[in-house]
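Taking it in order: structure first as structure tokens, then the write-up.
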RNA sequence: CGGGGUAUAGUGUAACGGUAGCACGAGUCCUUUGGGAGGAUUUAGUCUCGGUUCAAAUCCGAGUACCCCGACCA
């Protein structure tokens, strides 16, 4: 992508009133645009990050048998009325017709929709188990949107729903999803802790959360540094310095962001929607269900909170919007421009995604933008480098500069791993 | 929803109740290109409604929006 033609503008100044690092850097870097409090547009650069995260999630969901689908955002009131959730505070409602009472809610969650569909699908034990998921937008009228992408009123969520004939099968799958979640967050460059938590509006059962240590997080967890056991303060009997219930180590108190949450619903949503199957004896039984959520924007925001320095973002290579930021200095000079173009083509042929800064601006501007945007590798083509038939390479996360000769560009792959 | 704060040009910021200014950006021209370049020139603004006053960006009231703390929540 040629930066001169890209729908991207960075800013020299960060937004005046936002305090959180993710809001500052993502807005300043041209990844997102704030339309209202807690309501963001993902601009082309930011959308590429979301797509990377979505891709990782899809791969891991598909790997555990998840089948992707897509549910509506407008839900007739009968859905939420069936489960007594029509009057939950965060629900946005709209009238079907002007001047009438609200008929629809805008999707704040999809248990009801999915349960009804599942009830039409399932008749026999032979139809079970299965798991479906979607990446969709949730709308929740938060009393207080905050911290950039960390708490929005409109946000993208991956929600997986699983359906089982009995609790044992649900429990088994719950563990499978748990492992998939660890993989997802790890692939996104995040170290996550698995914690026990309460279920809120969703279930009276205990649930489990995936928490990432982060100072602006809204949650507080107790973590054992030895065995990584963790509990959410909400329900924990631990205190800072208590002995870890698993290994006896000393737990410490940390602020954290909940990037994922998994729920065992049991039959809570099966009852209102008559979600039953016939077992081998023809006996009708309620289906056991679970649900598993990940907020994509929140993952993106959390990564920025965890991976940045004073100059900008440092994307993990797995979710960076491009692999390489190619800077051409003095591209008025035709020799330099030509060398940069050639490098740009060569990199793409080798399979790298490249943001090529071909703008007619000073070197300082290009350096500053490159640091701010935070792609894993910065390549410079200049008068100096063409003399040596090389390009200059610097990983965003270090200060080490390497010269790589033009016929060895493939070795850049080594820089991107890990 | 309770508490606190803020609102001036596209962005970031100044202005005692008395001429709305600066920087960046953007446009044009020239010179520039290894850490946010220089000169010339142009561009554009006081959130909304009401009040006080000879005079309001400035004081008062209401509204709206945004930020922060708390409550609540994923």
Tell me the strands (runs of 3 or more DSSP E) entirely within the range A:315-418 that contain at least 1 residues that are surrounded by 14 or more Cβ atoms within 10 Å (Cβ to Cβ), under 32 Å from the mean Cα position of the chain (by Cα) and more than 10 Å from RNA strand B (Cβ to nearest atom). A:324-328, A:354-357, A:377-381, A:390-395
Within the range A:27-57, which residues are within 13 Å of RNA strand B (Cβ to nearest atom) and out of contact with any helix residue (DSSP H, G or I) (no Cβ under 6 Å at 6 or more places or on another chain)? A:27, A:28, A:33, A:34, A:35, A:36, A:37, A:38, A:39, A:40
Qualifying residue in the range A:335-353 (condition: on the phi > 0 side of the Ramachandran plot and touching a strand residue (DSSP E or B) at 6+ places or on another chain (Cβ under 9 Å)): no
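Go through the range A:259-312 residue by residue and tally those that are part of a strand (DSSP E or B) and over 17 Å from residue A:171 (Cα atoms).
The first filter runs over the range A:259-312 and keeps only residues part of a strand (DSSP E or B), leaving A:259-266, A:276-278, A:284-286, A:288-295, A:308-309, A:312.
Narrowing the set further to residues that are over 17 Å from residue A:171 (Cα atoms) leaves A:259-260, A:276-278, A:284-285, A:294-295, A:308-309, A:312.
The number of residues fulfilling the criteria is 12.
Quick grid of which residues meet (1) over 18 Å from the mean Cα position of the chain (by Cα); (2) surrounded by fewer than 20 Cβ atoms within 10 Å (Cβ to Cβ); (3) outside any helix (DSSP H, G or I); (4) modelled with pLDDT of 95 or more:
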position	(1), (2), (3), (4)
A:136	no, yes, yes, yes
A:141	yes, yes, yes, no
A:144	yes, yes, yes, no
A:155	no, no, yes, yes
A:178	no, yes, no, yes
A:181	no, no, no, yes
A:184	no, no, no, yes
Those residues that are surrounded by 13 or more Cβ atoms within 10 Å (Cβ to Cβ) and more than 16 Å from RNA strand B (Cβ to nearest atom), I need them from the range A:228-239; list them, please. A:228, A:229, A:238
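Name the residues in the range A:189-211 that are touching a helix residue (DSSP H, G or I) at 6+ places or on another chain (Cβ under 8 Å) and within 12 Å of RNA strand B (Cβ to nearest atom), would you?
Scanning the range A:189-211 gives A:202, A:208, A:210.
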Of all residues in the range A:272-300, which are within 28 Å of residue A:232 (Cβ to Cβ) and in contact with a strand residue (DSSP E or B) (Cβ under 8 Å, 6 or more places away or on another chain)? A:288, A:289, A:290, A:291, A:292, A:293, A:294, A:295, A:296, A:297, A:298, A:299
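The values are calculated or read from the model by the stated rules, or taken from the named source; none is laboratory data. Since the model is a prediction, treat every value here as computed from it, not as a measurement. Reconstructed Cβ throughout: ideal geometry from the backbone, glycine too, with neighbour counts over all protein chains shown.
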